[in-house]
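The values are calculated or read from the model by the stated rules, or taken from the named source; none is laboratory data. Predicted, not measured: the structure shown is a model, and the values here were computed from it. Note: ideal-geometry Cβ built from the backbone for every residue, glycine included; neighbour counts use all protein chains shown. Keep in mind that these areas ignore ligands, DNA and RNA; they rest on the heavy atoms of the full protein, side chains included. Shrake-Rupley method; radii C 1.70, N 1.55, O 1.52, S 1.80 Å.
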Amino acid sequence: MPEPDFSGLAQAAQAAFRPHFAEVERRARGRRQRTRVAGAAALVAVVAVGAGVAWRGLPSGDDTPRYGTLGPPVRLDRTPDFVPTPGPSATPGLDPPPTVTPGPATVAGRMMAGDLDHLYLRYRDCQGGNCAIRLAASADGGASWRSRPIPVPDNSLVDLRVVGPQTLIAEAQTRPMRDGMIDSLRIQDIWLTSTDGGVSWREVQITEVPAVPATYRPIEWIPDLDGLTVLAADPASGAIVRLAERQPLEHARVIEGRSVGAGLWITGWTDERVGSVQEENGTVSTDKVIYSGSAVRVSRDGGRSWHQSALPEELDAGGNAGAAALAIGDEVAYAVGQVDGVLRVYRSVDQGRTWQGTAARAQVGDRMIDAAVRPDGVLLIQAGILAGENPIMFEGLDRGERLREVPVGPGASAVAVPGGLAQPGNQDSSGGWLSPDGITWSYVGPPTISR
């Protein structure tokens, strides 16, 4: 994995939530080189309001305390579109986008849920050349928010996971200090956990285990150079374990949102090679990594033993890792992807040991694909994540034998939480979507920050 470049990180972080969407969407269409951006939608709007809460964060690089106020979520006239129309982006040779009137800014980040009441959003508070890393937290379904510091150095790269109503896991990558100066040649990897909704944090060490306890929840992080490492965290204590055995699949992905006792599921490829690929503009690239052999691995004993099954076709769901998109229900599991632009659905009724093809077909092109099983057992498939992909959505009826196109809405990338389901907003929105049953959804907007 290439070493992160921390030069100019503060400036890059401030611009990270206003990318050039035309370029993002162009890259999203690259075969098996695509970046997954979670989508969202709603059927019922919830406009939450609450008094702003003052907070004092960690000191900045010059030891000057920072102050700010988290206000209520942005008031909405209507429920936002499923995939918001991208805002204008600067394009070389064209006029700049219109100037926006200054005012309270919306907190930008990926909203996650511990349950339908406890919501979290990791964001950057940038002043000058430094960006403090902060956590916006709500304990009342987004009606009010508090901002709390995450105790890591300014400008750290922090990945946040929520594994329980108030249990958070954070991985921070930062440059350590040496003799009062930042050591630009080293990267320090720190793992933190909180069991009180981000009020307090403690550093933890990852324990390697032969099998993951049944009550733990898998957490997806980037695979290491030696193969995919299965990580899992305890929703009660925040302890983190790593499965000792590395997984053999290439470009693989561990499925989150379920306890380990309900099964560990991995989707990926059996083979990897470097070869030639024809690009959309007709040119041929000779140094592309090509994956083949779509496969699924399942463990029912915490990763002590595994069953691997090869899918009959090269199912490709796109995204940043994984081959087929897996949708796992209590009785039926589905593997979904496209083959030559046609959607395919495979079904397993024996916990992933064998897979049977269904008659379901739909033209989806090279769109990225997400899939999930609703609590009522209905398969939900979303093809297309970004606005430029023109997303479409299907319900899989009769155990995936036929497809019915439905209005684009939330659910295909939702995660089960106590009391219902939650789905984060997409790249152009920091809000989130909540549902008690996977059918009726409500939108929660992000808080605002003012100075």
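Each Lys and Arg Cβ is given +1 and each Asp and Glu Cβ -1; about its Cα centre, the range 319-451 then shows a dipole of about 120 debye. In order along the range 293-301, phi translates into HN-Hα couplings of x, 4, 9, 10, 10, 9, 10, 9, 10 Hz, rounded to whole numbers, per the Karplus curve 6.51 cos²θ - 1.76 cosθ + 1.60 with θ = phi - 60° and x for Gly and Pro.
Peptides 366-375, 200-209, 233-242, 108-117 ordered by packing proxy, namely the average of other Cβ atoms within 10 Å per residue, highest first: 366-375, 108-117, 233-242, 200-209. In the context of the full set of protein chains, residues of the range 377-451 present 34 Å² of accessible surface per residue (probe radius 1.4 Å, heavy atoms only). Each Lys or Arg adds one and each Asp or Glu subtracts one; over the other residues with Cβ under 10 Å from the Cβ of residue 343, this totals +3. Phi angles across the range 389-396 convert, under the Karplus curve 6.51 cos²θ - 1.76 cosθ + 1.60 with θ = phi - 60°, into 3J(HN,Hα) values of 7, 6, x, 9, 9, 10, 9, x Hz, Gly and Pro given as x. Under a 5 Å amide H cut-off, with hydrogens placed 1.01 Å from N, residue 290 pairs with 273, 274, 275 among residues at least 5 apart or on other chains.
Across the range 281-288, computed HN-Hα scalar couplings (Karplus, 6.51 cos²θ - 1.76 cosθ + 1.60, θ = phi - 60°) run 7, x, 6, 10, 9, 9, 10, 8 Hz from first to last residue, x flagging Gly and Pro. Tell me, what % of the accessible area of the range 227-362 is carbon and sulfur with a 1.4 angstrom probe? With neighbouring chains kept in place, the figure for the range 227-362 is 43 percent.
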